[in-house]
Amino acid sequence: MALKLLAVETSTEACSVAVWVDGRVLERYEVAPRRHTELVLPWAGELLAEAGIARTELDAIAVARGPGAFTGVRLAVALVQGMGLALDRPVVAVSTLAALAWQALPTAQGATILAAIDARMGELYLGLFRADQERQLLAIGEEWMSAPAHCAIAGAGMVGIGSGFAADGQALVAALGERLLRFDAEGLPRASSVLQLAAPGFRRGEAIAADLLEPAYLRNNVALTLVEQAELRRSKASQ
């Protein structure tokens, strides 16, 4: 029986929705800051119609759970929870950094993949990944946050992807030096990549009840206090 999944990704300025029908992927994608809310549900309806399936035929709904922009992550999680509960379907949560790293997998050629998203406020969301023998993506350690200039990563031969490589005048690129083989600073996570990770995850039994879905923020304090913002500005001015 064909596996049918719907995926939502709104963790960054990019917005995307995708449908998986037994390995065939249909997607809507647009860099559309502040328009995520108005795009997701209409796109989902269009894609399901294009795929020729009803919402009730979905086996599960996948989502990029973060880390990423606070409002974008909350939106995706809330929408997927709502759809899952309304349809009585489980959800598959995928790391936004893993979905981003997936896009670098075809050209990584055995190198470690460093996914980096600009977290604003002088920090990055970071995750290390590699491919196994079956070219499935595996996380190396826990995802973390760091200032780009202070990103301590052991080893060499890394391929980078994500907006974090453009942040603060490419400070991460400078910090990694010769350990970084190449990078794509324009890469953004996509729902189609979420599906590539969610489909095998669903088959491994990793789907959960919709009401158990939780976002991954990494940052404990979503917004800096006014004092912290002033200190950050002074710090940057003195550099």
The stretch 1-26: number of residues that are in a loop (DSSP other than H, G, I, E, B) and either over 20 Å from Ala207 (Cβ atoms) or open to solvent by less than 10 Å² (accessible area, probe 1.4 Å) (or both): 4
Criterion violated by Leu105 - all others in (1) modelled with pLDDT under 95; (2) touching a Phe, Trp or Tyr at 6+ places or on another chain (Cβ under 9 Å); (3) under 28 Å from Asp211 (Cα atoms) satisfied: (3)
Conditions (1) modelled with pLDDT of 95 or more; (2) open to solvent by 80 Å² or more (accessible area, probe 1.4 Å); (3) of a type in the set (Gly, Ala, Ser): number failed by Ala210: (2)
Unmet requirement for Val173, which otherwise passes all of (1) free of Cβ contacts under 8 Å to residues at least 12 places away in the same chain; (2) in contact with a strand residue (DSSP E or B) (Cβ under 9 Å, 6 or more places away or on another chain): (1)
Positions within the stretch 138-165 being surrounded by 23 or more Cβ atoms within 10 Å (Cβ to Cβ) and among the aliphatic types (A, V, I, L, M), in sequence order: Ile161
Qualifying residue in the stretch 168-181 (condition: under 28 Å from His36 (Cα atoms) and open to solvent by less than 40 Å² (accessible area, probe 1.4 Å)): no
Every residue from the stretch 27-79 that is open to solvent by 40 Å² or more (accessible area, probe 1.4 Å) and in a strand (DSSP E or B): Glu27, Arg28, Tyr29, Glu30, Val31
Single residue of Ala185, Ala149, Ala154 found to be modelled with pLDDT under 95, in contact with a helix residue (DSSP H, G or I) (Cβ under 8 Å, 6 or more places away or on another chain) and of a type outside the set (Lys, Arg): Ala149
Test: residue in the stretch 95-102 that is crowded, with 19+ Cβ neighbours inside 10 Å, β-branched (Val, Ile, Thr) and within 18 Å of Ala191 (Cβ to Cβ): yes
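The values are calculated or read from the model by the stated rules, or taken from the named source; none is laboratory data. These numbers come from a predicted model, not from an experiment. So basically every Cβ, Gly included, is an ideal-geometry build from the backbone, and we count neighbours across all protein chains shown. Accessible surface areas use protein heavy atoms only, side chains included; no ligands, DNA or RNA. Shrake-Rupley method; radii C 1.70, N 1.55, O 1.52, S 1.80 Å.
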